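Student: I have a structure I would like to understand better, so I am pasting it below and will then ask my questions one at a time.
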Amino acid sequence: MKQIIVSATLLIAIVAKAQVSKIPLGKIVHLESSSKLSTKVNMMGQEMEIPATTTLMVDLVPKSIDANTLNTGVTLRKVFGSSSMMGQEMTFSSDDKSVASIPQAAELMKNLNKEEDVALEDGKIKGKANVGMSGLPTNAELAKMVFLTLGAANIKEGYKWTEEISNDGSKTNTIYTVTKVTATEIEVTATTNMKVEGTVQQMGMDVKQNLTGTTTSVRVYDAATAILKADATKTEMSGTVLAMGNEAPVSISTITTTTVK
């Protein structure tokens, strides 16, 4: 009986690893993610809309597979974007070294060209994960989006799994569903409920956020490699922001499209 149990456990491990092992180790995956964001703030009875765009260029390298855990490196190579506020247009690019002196860009610039190791298992981040506060995805979230680390037995329409991430009062709860499987592609839909609390730098000021919202993503993977081909994400959030002693209602709408090479 013990031998049967051991054999069954080994078989499950082999099947689980089979899908992960499709991911080509050492192959650099180039990701480009572009977001269009609209923020509406009501200050003293007047509504102000702040449009912005941001593009991330990121390299991801799957390094090793340990059992059914994928270890990968994630490096932000470039970030650029623009915003408009009260008739003033602002643009920024990490190619311009002087942008590091801008408070809201400093956090991004300090991670530029610095690789972060991320472990993934069963479609989730393995180990401690953080909720992104700046409106941009963390390196761990990007890695999870790009590499589909499900066991082969779970690559079937209707399969669901969940993931919860929380830190410092912020929390996300995501339900993933395999919505379509063909000989060449795997489609996964992710729905996230989120709560974001904390302070970020915006326009040179400390801004305290208290927001809730939802995100819906549709991701298409190459069935042969388990690597993302494209993602489309819509995020809607609302709540309040506190800056310079003034609290204001805010709503944020974001559309993000991601492709990989």
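Student: Hey, how much of the P(r) for the chain falls beyond 28 Å, as a percent of Cα pairs?
Tutor: 38
Student: Here's a follow-up. Averaged per residue, what accessible area in Å² does the chain show with a 1.4 Å probe, protein chains only?
Tutor: The answer is 54 Å² per residue.
Student: Quote the FRET efficiency, to the nearest 0.05, computed for LYS36 versus LYS78 with a Förster distance R0 of 22 Å and r equal to the Cβ-Cβ distance.
Tutor: The formula returns an efficiency of 0.75 here.
Student: Something else now. May I ask which of LYS124/LYS261; LYS128/LYS229; LYS22/LYS110 have a Cα-Cα span longer than 31 Å here?
Tutor: In this structure, LYS22/LYS110 exceed 31 Å between Cα atoms.
Student: PRE reach from LYS114 (point 7 Å along Cα→Cβ): which of the range 34-64 fall under 19 Å by backbone N?
Tutor: Counting only backbone N, you get 56-61.
Student: Roughly to the nearest percent, how much of the accessible area of the chain is carbon and sulfur, given a 1.4 Å probe? Write down the numbers at each step before the final one.
Tutor: Details: 7810 of 14080 Å².
Here it works out to 55 percent.
Student: Follow-up question, since we're still on this one. Per DSSP H run of at least 4 residues, take -39500 (n - 2.57); add these up for the chain, divide by its residues and hand me the 222 nm value, nearest 500 deg cm²/dmol.
Tutor: -4000 deg cm²/dmol
Student: How tilted is helix 2-20 with respect to the longest principal axis of the chain? Cα atoms for both, answer in degrees (0 to 90, nearest 10).
Tutor: Taking Cα atoms only, the helix is inclined about 50 degrees.
The values are calculated or read from the model by the stated rules, or taken from the named source; none is laboratory data. As the structure is a prediction and not an experimental result, all values here were calculated from the model. Quick reminder, even Gly has a Cβ in these numbers, built from the backbone with ideal geometry, and neighbours come from all protein chains shown. SASA here: full protein model, heavy atoms, side chains in, ligands and nucleic acids out. Shrake-Rupley method; radii C 1.70, N 1.55, O 1.52, S 1.80 Å.
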